[in-house]
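The values are calculated or read from the model by the stated rules, or taken from the named source; none is laboratory data. If you're wondering where the values come from, they're calculated on a predicted model, not measured in any experiment. Glycine gets a Cβ as well: all are built from the backbone with ideal geometry, and neighbour counts include every protein chain shown.
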Amino acid sequence: MRIIKDFESENKFDIEKLKEFDLQKTKVFKYITYKKRTEQEVRNKFKGQIDEDMLEEIIEYLKEANYLDDYDFIERQVREYMNLKTMSIKEIKYKLFSKGLDRKLVEKYVDEHYEELQEYEQKCIEKIKAKKTGAAEEEIEQYLYRKGYRCN
């Protein structure tokens, strides 16, 4: 927010820099409103395209305005996974880590929603077992183990 604060505090601030900030902020805003994104995805997309300091300020601005929120992203993404796929908790965590999300943030979400995620995982196990009715029990157990499920 340094650019905006500098503009507010000094009248002789470079108007061109403020225009550039606004232009780049609009680009990033369009990118994150098209599809929900993580901070890391924004950094990766605009690295080299936007000055590093300006990009950090844009990210901070969007976080303060609640347009960029990694925890909210995790919640939405997990809901989507739960509605559309059969995944173990381990697979969900791996997918979230691959998006560049902070490990502590993902672990916090999993800890806070552990019972719900365990219940979902158990339903997934039941679905998988129902689909693989012709396979041997040992084969199904191995498949589930490879996918990261904790079988009882």
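So is Ile92 hydrophobic (A, V, I, L, M, F, W, C) and either assigned by TED's automatic domain parsing to the domain that holds Lys36 or under 30 Å from Glu39 (Cα atoms) (or both) or not? Spelling it out, Ile92 is indeed hydrophobic (A, V, I, L, M, F, W, C) and either assigned by TED's automatic domain parsing to the domain that holds Lys36 or under 30 Å from Glu39 (Cα atoms) (or both). Could you list, in sequence order, the residues of segment 93-152 that are charged (D, E, K, R), under 28 Å from Asn44 (Cα atoms) and part of a loop (DSSP other than H, G, I, E, B)? Result: Lys99, Asp102.
Evaluate segment 45-57: report whether one residue or more is under 16 Å from Asp102 (Cα atoms), polar (S, T, N, Q) and either outside the structural domain of Glu116 (by TED's automatic domain parsing) or in contact with a Cys (Cβ under 9 Å, 6 or more places away or on another chain) (or both). No, the conditions are met nowhere in segment 45-57.
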